[in-house]
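Each value in this text was obtained by applying a stated rule to the coordinates, not by laboratory testing. Everything numeric in this text was worked out from a predicted model, so none of it was measured. FYI the Cβ positions are ideal-geometry reconstructions off the backbone, even for glycines, and counts take in every protein chain you see.
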Amino acid sequence: MEDFQFLEKHKRQKSRSDIEPQEILLDQLARVRQEDEDHVPGTLEIPLSNVMFRVFLFGFVFVLFVFGGKTLQLQLLSDRYFELSAQKNAIKTIPILAARGIIYDRNMRPLVLNVSTFDYVCDKRELPQGLPERERILKDIASAISVPLSEIQKRFDATGEPETVLKTHLVQEEIVSLQTRQITAACGVEENMVREYPYGSLLGHVIGYTAKVSSEELQENQGYFVVEQTGKTGLEKTYEETLRGTPGVVRMERDSSGKVIREKEHTEPQAGSGLVLWLDLELQKKLEEEISKSLANTNAKKAAAVILNSQTGGVLAMASYPSFDPNLFAQGISQQEWDDLRLDLNKPLFNRAIGGFGYPTGSVIKPLVALQGLEKGIIDEDTSIYAPLEICVWNKYAGRDECFRDWTFHGQSDVKRGIAESVNTFFYIISGGYEGREGLGAENIKAILETFGWGQKTGIDLFGEGQGVLPVINDQWRLGDTYHLAIGQGLFTVTPMQVATAFGAIANGGTLLQPQMVRQVVDAQKNVIREFPSRVIRDNLVNPENLQVVREGMRQTVTSGSATGFLDGLPVAAAAKTGTAQTGRKTRDARDYLYSWVATFAPFDRPDFLFVMVVEDVVEGNAAALPVARDVMQWYFNRTSQ
């Protein structure tokens, strides 16, 4: 108490301005202690409990450990990472794209060209991170390249790649404007190489097209640059690695402001290799010309044709109608152009010669059925069968007779006449049997189709090939289904390329060859660096004598059968088989829409020219495929004889 009395007395002796803050605090503490009976008078500290002390101590040690560990990581473990990151930020890599390999026809005429173009490319990593500054730069860019700001932002967001192409195919005025304004060091004009396709839609499905490499492709294929173009369809896609070449690079060292200090590295690009095709450009032109005429004459819209060298498997020409202009993609397709192609009911992007499920063949199947009949001993060369106008057999599912008519009455027929005049009832009988005569059965027919490559891909060096559909023969199969199969109707389809390879084997004596687009790979000086020999899928398919009987039946098709009046006036002897298959649709006057087929080869003694064509939705009574075969072969053999 004496201490407190002393303080009180001392305070009174001081003026108000002499009182110090700590004295006020001590006075207050004294009062509190006096009121608290549990405390000793004059004691000012309150010790922490042991529990609280341990908690604070543990927390302090933990925080110290975390900071220490992070410091260790940054100093010792991640120094190389940050060093490389700093170097990466300081070095600008500019690609020097390699010239893409040229594609030539068999006579070394170039079918594609390379042209220079310029793109405006931005590196998102180097743009300011602050939103206002970034927004200002993007607005300046939008103004300079005449692209809406919303579109630029959309392109930035569309890919996770650090670099984004904001505009392709810059014109000279845009290049000058961008280089003069120097909006930001994060963006710049880069030279690019794009394809030009001088023949446009003529070779759209063969050559295919290139377009800007996608984000997915950049992730899948290391070493590609965002400005590069890559093959998307056709030969451009199949032979992408061969055609692309090896890009070069220039690495420029820059200061913090983005100004170039010096060139650190310069690697020259290596041009891609070229392709020499089996294809004959002039023959391709003639084929497309005659297809266009035929479609105009028949009001049909869709067709496909294949011309092979039956001795090598080389593709001399191939067409799918309608086609498309690959320049649209290589030079930047607009949304409207894309929608026009995508929504076109005639599907111009679809390669009908090799793709999809294919078509029912109609009577084009008959030489293979006849060949199996000869192989299995159901018939021989001299077998003569009475072929009525129709035959009727019991249908156990319908509980009544089911009748199958021929397109006309033929009477006595042997296998050659059956092929030449396409006698349906002859093939009904040898396939399924009739009135005690044994037939092949569906399984044997399916087996010969598989032997000649139907129901499986041919292996042609083009992407997008289909394999067709062979029938499923199960407990529900009936005799009528066998009859339908024997004349190329029912639940099975093949592509024109599959038909061509099968008839190529008939033409060359029994060797099934893989069709091939590319004949050679050449360097930039046109020196051959790789040859593609003929590729045999299977050989010795059938007995040569039986094969010769079928070939003679196809020759008779030209001299006195369904191709007479079309192919009998050619400069060389030809063999053929025609066919029509029902589509299931009819005209308003009840005429059928048909798939119109022809398969023909020449010269007959040693054929090296094989032509297959199908035209969709041909109104019954119109000749669509045969006139094309006639005019193309007339032109071809007149040219080769000169």
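Per residue, the average separation of C-alpha pairs within less than 8 Å and at least 6 apart gives region 290-432 a relative contact order of 16 percent.
As a proxy for reagent exposure, PHE324, PHE426 were ordered by neighbouring Cβ count within 10 angstrom, fewest first; the result is PHE324, PHE426.
Between GLU268 and LEU113, the distance separating the two model label sites (each 7 Å from Cα on the Cα→Cβ line) works out to 2.5 nm.
ASN540 to ALA447: FRET efficiency via 1/(1 + (r/R0)^6), r the Cβ-Cβ distance, R0 22 Å, to the nearest 0.05? Step by step, r from the Cβ atoms, then E = 0.90.
A Förster radius of 41 Å combined with the Cβ-Cβ distance from GLU438 to ALA296 puts the calculated FRET efficiency at roughly 0.30. Dividing the summed -39500 (n - 2.57) terms of all DSSP H runs of n ≥ 4 by the residue count of the chain sets its mean residue ellipticity at 222 nm at -11000 deg cm²/dmol.
Between TRP338 and PHE60, the simple label model (points 7 Å from Cα in the Cβ direction) yields a spacing of 6.4 nm.
For a Förster distance of 41 Å, can you work out the FRET efficiency between the beta-carbons of ASP157 and VAL472, rounded to the nearest 0.05?
The value I calculate is 0.25.
Too long at a 24 Å Cα-Cα cut-off: which of LYS92/LYS237; LYS396/LYS416; LYS124/LYS167; LYS286/LYS526?
LYS92/LYS237; LYS396/LYS416; LYS286/LYS526
When you count the other C-beta atoms within 10 angstrom of each residue and take the mean per peptide, 342-350, 466-474 line up highest first as 466-474, 342-350.
When we measure straight from the Cα of LYS293, which aspartates and glutamates land under 14 angstrom away, once same-chain ones fewer than 8 places off are left out? Filter leaves ASP631. Note on region 550-632: Rg/Rh from Cα positions, Kirkwood definition for Rh, rounded to two decimals, is 1.03. Rounded to whole Å, the principal axis extents of the Cα atoms in region 90-277 read 58, 36, 33, largest first. Modelled spin labels at LEU491 and LEU149, positioned 7 Å past Cα toward Cβ, are 6.1 nm from each other.
Kirkwood analysis of the chain, using all unique Cα-Cα pairs, places the hydrodynamic radius at 30.8 Å. Peptides 392-403, 448-459 ranked from most to least packed, by the mean per-residue count of other Cβ atoms within 10 Å: 448-459, 392-403. As a ratio to 2.2 N^0.38 Å, the alpha-carbon radius of gyration for region 344-453 is 1.26. Each Cα pair under 8 Å and six or more residues apart adds its separation to the average, and for the chain the resulting relative contact order is 13 percent. Counting neighbouring Cβ atoms within 10 Å and putting the fewest first, the residues PHE357, PHE503 line up as PHE357, PHE503.
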